[in-house]
1. Read phi for every residue in region 111-128 and hand back ³J(HN,Hα) as whole Hz from Karplus 6.51 cos²θ - 1.76 cosθ + 1.60, θ = phi - 60°, with x for Gly and Pro.
2. Under a Cβ-Cβ cut-off of 9 Å, what is the net charge of the residues other than Gly130 that fall near it, where Lys and Arg count +1 and Asp and Glu count -1?
3. Please compute the Kirkwood hydrodynamic radius over region 34-137, one decimal place, Å, based on all pairs of different Cα atoms.
4. Calculate the tail of P(r) for region 175-216: the fraction of all Cα-Cα distances greater than 14 Å, expressed in %.
5. Can you put Tyr54, Tyr207, Tyr101 in order of Cβ neighbours within 10 angstrom, beginning with the fewest?
6. If I model a spin label as a point 7 Å beyond the Cα along the Cα-Cβ vector, how far apart are those points for Asp145 and Thr174 in nm?
7. Please pull out the direction-averaged projected area of region 68-216, using the convex hull of its alpha-carbon atoms, in nm² to one decimal place.
8. Note down the net charge around Gln114, summing +1 for each Lys or Arg and -1 for each Asp or Glu among other residues with Cβ under 10 Å from its Cβ.
Amino acid sequence: MQRKEFLKQGFKLLGFATVAPLVTSCNKDTSSSCGTATPSETAGPYPTKNPASYVIKDIRSDRTGVQLTVKITIKKASGSVLSGALVDIWHCDKDGNYSEYGSLTSVHFLRGRQATNTEGVAEFLTIFPGWYSGRAPHIHVHIYDASGNSLLVTQIAFPTDVCDTVYTTSSYYTKGKQDTSNASDNIFSDSLDCEMPTVAGSISGGYTLTHTITVS
């Protein structure tokens with residue numbers, strides 16, 4: 001963990017661009033076969049500064065991009081779902097930029113909190129995240145219990161085939177495919193099976209990401 005934190009602090013954000021249509025893709029959600037709990041990962045260097053202020057389902061704000069619905073199921077190690085848990089997510093925009101930091105300190109796009117329902121699911125409406133040099137595409141997740149006690153900080157990866165479709169379609173992204181694969185990413189290289197969701201959909205219709213996270 002300390003090594004991952006150190007490496008991530010050194011990454012610099014770059015950029016990319018726009019969208020058009022294509023087909024569907026998916027990857028199996030293998031999180032349920034990852035032992036008793038989903039791996040813990042670093043929250044830095046761009047965690048949400050005041051997450052309780054952003055209890056919103058649609059976190060797009062003014063950011064444009066391929067629509068992405070995120071459905072995260074929170075389970076206990078026993079296998080039962082955890083209702084009433086607080087789920088924070090945050091990620092970069094299509095150009096690789098995070099809100100609340102650098103020149104974007106006054107904006108709060110692509111950050112939000114939702115409570116899990118009786119089925120243990122928290123749902124968000126966002127855009128497909130971009131990539132920046134040194135990291136594979138990802139979403140950050142911080143889970144708390146209903147009382148606000150931290151349970152887990154982790155990250156969600158993205159299937160390469162879906163990323164290749166999105167990042168090379170029309171003029172949506174100017175940088176093309178990501179420069180760091182999931183296998184060589186310093187966060188996912190040792191835990192990818194536990195942090196890979198199912199992503200299905202299309203450029204024109206949007207994608208849906210479904211993922212199960214197990215907290216100990």
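Read-outs throughout are calculated quantities, based only on the coordinates presented, and are distinct from any laboratory measurement. Computed from a predicted model, the values in this text were never measured in an experiment. A quick note on method: Cβ atoms are made from the backbone with ideal geometry, for glycine too, and the neighbour counts reach across all protein chains shown.
1. Values, residue by residue: 9, x, 10, 9, 8, 6, 7, 5, 9, x, 10, 10, 10, 9, 10, 8, 10, 5 Hz.
2. Net charge in that neighbourhood comes out at 0.
3. Numbers: mean 1/r = 0.0680 Å⁻¹.
Value: 14.7 Å, from the Cα pair sum.
4. Values: 555 of 861 pairs.
Beyond 14 Å sits 64 percent of the P(r) for region 175-216.
5. Details: Tyr54 18, Tyr207 23, Tyr101 13.
The fewest-first ordering by Cβ neighbours comes to Tyr101, Tyr54, Tyr207.
6. 4.9 nm
7. On the way: hull surface 37.7 nm².
Quarter of the Cα hull surface area: 9.4 nm².
8. Overall, the nearby charge balance is 0.
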